[in-house]
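Heads up: the structure comes next, in structure tokens.
Taken together, the values in this text are just the output of simple stated rules run on the coordinates, not laboratory data. This one's a predicted model, so the numbers in the text were calculated from it and none came from an experiment. Note: ideal-geometry Cβ built from the backbone for every residue, glycine included; neighbour counts use all protein chains shown.
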Amino acid sequence: MVVIESYHQGYQWDKQYYQAILDNLTPQHEVSYFEMDTKRKPKSQHAERADKAWQFIEQQKPQLVILADDNAVNFLHQRLDTSQIPVVYLGVNMNPREYHLNQHKLFTGVLERPLLKRSLILIHRLLPQAQHRKILVMFDQGNTSKLAADYISKQQSSMLSDIEVSIVQLNRLEEWQQQVLSAKEQGYNAIVVALYQTVRDADNRSVDAEQLLKWIAENTPVPNFGFWGFSVSAEGNIGGYVLDGYHHGTIAAKMAAKILAGEKPENIFPVTDDLGTFMFSRQGVEKWQLNLPKEIEKQTLWVD
């Protein structure tokens, strides 16, 4: 079995879902992977990386392919459909009909959707009382960010009336730094640092994502929350109601196991991963003097 990663093994999301795949499918099945590395490599190289991924698939001759995240799906779904190799996808933010995945009989998988409404309700409860709350949601300009931001924009009409949500998509490090430093004076009560892995510096070099997140945590004038579990740490986001990469990977791995056992992909309906986890950093909660409601504290996964 082959896993084609849109990103790379050092990225926490990839680490989490890949570990879930290994835990659920080995040692019964042999698992290998290929990194397209599209968060760090410029877009001009993405098609070339996809070609190398396809060469890897042809060399491995797998019984099944897992396509992880939108870039892998976007570049490889047509070739895989033609090849007649069963496919499980995960981390897909685009509507699968946009990729025509609904027409691919040997495809099924897991859709990824930011847990916006539950996240905002939680942030609303944790912030000091105010008549009107203003929250800034920050994304980079990667493909996943564009899809997630678009999804969130469409959800806003059903948001709580007393929360104003502003979404920004920024590509340059200096833009990120300026936006964070000015958040309080712009009237924001909190920021959500959503996706930040494709930011580039003044010389167009890829910025170390963890260093950027650490800088934000140290310099933000308002509390910084997250939508994804990989961003929550003592040196990162405080926490939130987040998507968990390990849980996401487990759903995909169980689908793959069924197919490898003989079940037809067309009989396994795609699902949306909408089961979030309350996750918080103790240091972050203490720094911002947040009081978690008792029922949430009991369910919280604490990270250091």
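Summary table
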| quantity | calculated |
| --- | --- |
| Unit charges at the beta carbon, dipole of the chain: most positive-side option, S231, A148, A209 | A148 |
| At R0 = 51 Å, FRET efficiency that the Cβ-Cβ distance of W288 and E266 yields, to 0.05 | 0.55 |
| Packing-based exposure ordering (other Cβ within 10 Å, fewest first) of Y17, Y33 | Y33, Y17 |
| Antiparallel bridges, percent of DSSP beta bridges restricted to the range 126-279 (to nearest 5) | 20 |
| Packing-based order for 43-52, 114-123, using average beta carbon neighbours within 10 Å, highest first | 114-123, 43-52 |
| Relative contact order computed over the chain (Cα-Cα under 8 Å; 6+ residues apart), in percent | 20 |
| Acute angle (nearest 10 degrees) that the helix 116-126 long axis makes with the longest principal axis of the chain, alpha-carbon atoms | 30 |
| Of F56, F227, F280, the one that fluctuates the most in a GNM where the chain has Cα springs shorter than 10 Å | F56 |
| Which label in (i) 20.6; (ii) 22.9; (iii) 20.0 gives the computed Kirkwood radius over Cα pairs in Å | (iii) |
| Within straight-line cross-link reach of K52, aspartates and glutamates at Cα separation under 14 Å, skipping those fewer than 8 residues along the same chain | E5, E35, D37 |
| Reach of K298 by Cα under 25 Å, taken over lysines that are not fewer than 8 positions away in the same chain | K117, K287 |
| Modelled FRET efficiency - R0 25 Å, Q186 with E295, Cβ distances, 0.05 increments | 0.15 |
| Among Q197, Q103, Q179, residue whose mean-square fluctuation peaks in a GNM of the chain (springs only between Cα atoms under 10 Å) | Q103 |
| Fraction of antiparallel bridges per DSSP, the chain only, in percent to nearest 5 | 10 |
| Segment H100-Q178, length gained on full extension (0.36 nm per residue, minus Cα span) | 24.1 nm |
| Residue with peak Gaussian network fluctuation, the chain [Cα springs, cutoff 10 Å], from N224, N93, N171 | N171 |
| Helix 70-83 vs. the chain, principal-axis angle (Cα, 0 to 90°, nearest 10) | 10 |
| Between 0 and 90°, nearest 10: helix 245-260 axis offset from the chain longest Cα axis | 20 |
| Two-site FRET efficiency, D51 against R205, from Cβ-Cβ distance with R₀ of 22 Å, rounded to 0.05 | 0.35 |
| Part-to-part distance (alpha-carbon centres) for the range 1-26 and the range 265-304, which is given in Å | 21 |
| Overall form of the range 144-226 per C-alpha gyration tensor (a/c, 1.5; a/b vs b/c) | oblate |
| 19 Å Cα-Cα threshold exceeded, pairs from K15/K254; K15/K154; K43/K154; K39/K146; K105/K264; K134/K214 | K15/K154; K43/K154; K134/K214 |
| Cα centroid separation, the range 83-135 to the range 155-228 (Å) | 19 |
| By average C-beta atoms within 10 angstrom, highest first, the peptides 18-26, 200-208, 263-271 | 18-26, 263-271, 200-208 |
